[in-house]
Structures are given as C-alpha cells and as structure tokens.
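In what follows, a structure is listed as structure tokens, so that the remarks can point back to it.
The values are calculated or read from the model by the stated rules, or taken from the named source; none is laboratory data. Keep in mind the model is a prediction, meaning the values are calculated, not measured. In this analysis, Cβ positions are derived from the backbone assuming ideal geometry, glycine residues included, and neighbour counts consider all displayed protein chains.
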Amino acid sequence: MAAAPAAGPVRPVDLGALPGITHNGATSINNRGDVVGSGYSSPYDSHGFRWSRGVLTALPDTARAPLLINDAGQIAGVLPGRFTSSGFVIRPDGAVVDPGFTPVDQNERGQVVGTGPAGGGTHAMSWRDGRTVDLGAPAGYTSQAIAVSDNGWILGELQRKDHPDDQFARWLRGRWVPLPGPHGRAVDINDRGDVVGWATTPAGITHATLWQRDRAIDLGPEDAALSQALAVNNGGQIVGSTFDPDTDAGHVLLWDHGRQSDLGTFGGSFARPLALNDRGDVVVQTSTGAFRWRHGRTVRLDGSAEPAAINNLGQVVGSVLRPDGTSHAALWN
C-alpha cells in the first residue's frame, strides 16, 4: 500500500517565539494539546517554553531544554552545557526537580528514565514521585536507558568497558534481561514489551527487527539493501524505512500485525519516518517536504515544516522557518 497523493495542505498554527530568541521549535505535545519546546540564539544558550491554550510561557532557567510532556503536564528535559548535560523534571504542581541524571524518556505514569554517572561509568536510572533508582549493570558493564513504555517496561543498552560490542536488554523484575538473537541496535519499546530496531542477518545485511518475548524476528524486506524499524506503538504497529546506499533512495515502511506496507517516498527522492502514534498515524520528512500519513491518506504539512512529534489525536508539532530566517514553534492540527 503506497502513500496516496497528498491532500491538503494543513496550514501551521504559529505558536510564537520567546522574546529575543531567533530559533524556536516544539519538541513534544501531549494528548491535551499542551506543547513544550525551546529556543536559542547561540550554542549552549537554550531557553525552554510551554504553550497551552494559546499562551506561550517561558520556563525557568533550571528547565532550559524540555523534551517531553505527558498528559498530567509533567515535563522532562535536559540542561545542556558546554561539555556535559544534566536533567530536570517539572512536576505537575510546577516544582522543578533534579532527578540526578539526564532524561531520555518518560511515560504517562510520571516515570522518567535516563542515564547518570555511577562507579566511574554510567548507569541507567529511573525517577518517579521524587525517588531516583539506579538500575545498575552486570559486572564489567555500564548501562544506559533508551526508552520506557507507559506501563513501565524499560529498554536499555549494556556496554562492556573492555569490548566494543553493545548488548540491548529489557529491565525485568529488577534485572537486565538481554535481547535474544543477532547483534543489532534497539530503539523503542511498547506496553507489550515488544522491542524494535535493526540487526545483522547471517548474510551480513542490516534488517529491521522485532524482538518479541524470547525471539528476534527479521522484518525484512528481503530485497532491501538496508532496513530499520524506528518506532512501535501500543497496538503493535511498527514504522521504519529502507535505504539503498548506491542510490540514496529511502522508502517508509509500516508493519501492521505482520503485514508490511511500503508507503514509498511521498514524491521525494527519499523519505524517513519521524514519529508514530498509537492509532497508526505516521509523520514523515522527505526531500520535498513533511507529511502526515493516516490509514492510506496523506496530507502535506504546509510551511517550511520541521516536524518533531505527534500526539494520539494526530496533532503534529515542530517548527517553521520564517522569511526573515528566524523560526517559530508550530502546530499542525
């Protein structure tokens, strides 16, 4: 099922910009339509904002680069520095908390995961309700958190201090359980504990891969020079892409209960998926513009669109480039 010709376009809602900041963009939107993002005028000078019900508000300097907002209004993000980054959580009551690590993901329960310093290396860590838990690592390894599902499955990466190969694992009943099968890279996990990413086949080809329960499933396609799975939703739908290094061509792929659909390039020379929501909407960036695909129907996101995230209502946020060279945060309904 290739993508149908684009309808629309959907015009952006300009969310505005922080005063005196030249580059502004949204990073996350929750299912209530609340948006967070940041702006900057020079490197290492980020400033965070929240947009809600038509009003854009600056966040405190202790919350400079918000990455995520959940339906309760909890915000998680980082404090970028010249050499290192630390993190923050803004609780629904507005209090700013230092979780002791750099967040990478949070869920609807308010659980935040990330990576922080431990024992001369790094450990994956989890924060919830004011309590930080060090998830540790097997002897001789460091660990990093990658993602957390809404019901608390945690995906992590285990790295041996004396070996270049990485392992990927689920956090299960207080310990790391490595993913089975071939060497690869894992990037997302859903409420079932399904993990997606890519792995090397016996023929030496990189293919999109699903780790489900105790097995690794090669998603193909067989004729792809390279394929990757990039996100999985709670319904089990998976979005990914193919890439041919000889032609620089890339297609968007969608797997739905074992059925693979090639959504094509959306009229460009290449296309790559950026986000997937729980009802199967896909946000795509191509060589010719940005699009939202929904059950075979494609709409173009108007403006010089740089989308970043989508909620379960299908609202997309990101940024738009203005004629004067500045950018504003934007929302496409």
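Side notes on the structure shown:
- Selection status of residue 143, within 22 Å of residue 101 (Cβ to Cβ) and in contact (Cβ under 8 Å) with a residue 60 or more places away in the chain: no
- A Cβ distance below 8 Å, combined with a sequence gap of six or more or placement on separate chains, defines the contacts here; from segment 118-136, residues that are in contact (Cβ under 8 Å) with a residue 40 or more places away in the chain and surrounded by fewer than 16 Cβ atoms within 10 Å (Cβ to Cβ) reach residues that are outside any strand (DSSP E or B) and of a type outside the set (Gly, Ala, Ser) in the pairs 121/161.
- Exactly one residue out of 318, 267 is surrounded by fewer than 23 Cβ atoms within 10 Å (Cβ to Cβ) and of a type in the set (Gly, Ala, Ser), and it is 267.
Per-residue answers, yes or no, for (1) more than 15 Å from residue 8 (Cα to Cα); (2) in a loop (DSSP other than H, G, I, E, B); (3) among the polar types (S, T, N, Q); (4) touching a Cys at 6+ places or on another chain (Cβ under 9 Å):
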| site | (1), (2), (3), (4) |
| --- | --- |
| 268 | yes, yes, no, no |
| 271 | yes, no, no, no |
| 275 | yes, no, no, no |
| 280 | yes, yes, no, no |
| 283 | no, no, no, no |
| 291 | no, no, no, no |
| 300 | no, no, no, no |
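Table: residues versus (1) over 19 Å from the mean Cα position of the chain (by Cα); (2) over 23 Å from residue 177 (Cβ atoms); (3) crowded, with 21+ Cβ neighbours inside 10 Å; (4) basic (Lys, Arg).
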{"position": "204", "(1), (2), (3), (4)": "yes, yes, no, no"}
{"position": "209", "(1), (2), (3), (4)": "no, no, yes, no"}
{"position": "221", "(1), (2), (3), (4)": "yes, yes, no, no"}
{"position": "225", "(1), (2), (3), (4)": "yes, yes, no, no"}
{"position": "229", "(1), (2), (3), (4)": "no, no, yes, no"}
{"position": "236", "(1), (2), (3), (4)": "no, no, no, no"}
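- Remark: pairs (first residue in segment 172-186, farther than 23 Å from residue 203 by Cα; second residue basic (Lys, Arg) and at pLDDT 95 or above; Cβ separation under 6 Å; 6+ apart in sequence or on different chains) = 177/170.
- Residue count for segment 46-74, restricted to those that are charged (D, E, K, R) and in contact with a strand residue (DSSP E or B) (Cβ under 9 Å, 6 or more places away or on another chain): 3
- Listing of strands (runs of 3 or more DSSP E) fully contained in segment 1-100 that carry 3 or more residues being touching a residue at least 40 places away in the same chain (Cβ under 8 Å): 7-10, 13-16, 23-29, 35-40, 65-69
- Unique match (being under 15 Å from residue 154 (Cβ atoms) and either surrounded by 15 or more Cβ atoms within 10 Å (Cβ to Cβ) or among the β-branched types (Val, Ile, Thr) (or both)) among 78, 89, 96, 104: 104
- Answer from 116, 87, 81, 152 - the residue that is farther than 24 Å from residue 35 by Cα and not aliphatic (A, V, I, L, M): 116
- Residues in segment 116-161 that are charged (D, E, K, R), under 21 Å from residue 90 (Cα atoms) and in a strand (DSSP E or B) were compared, and the one that is farthest from the chain's Cα centre (by Cα) is 131.
- Of residues in segment 152-199 being touching a Lys or Arg at 6+ places or on another chain (Cβ under 9 Å) and of a type in the set (Phe, Trp, Tyr), the one nearest to residue 227 (Cα to Cα): 198
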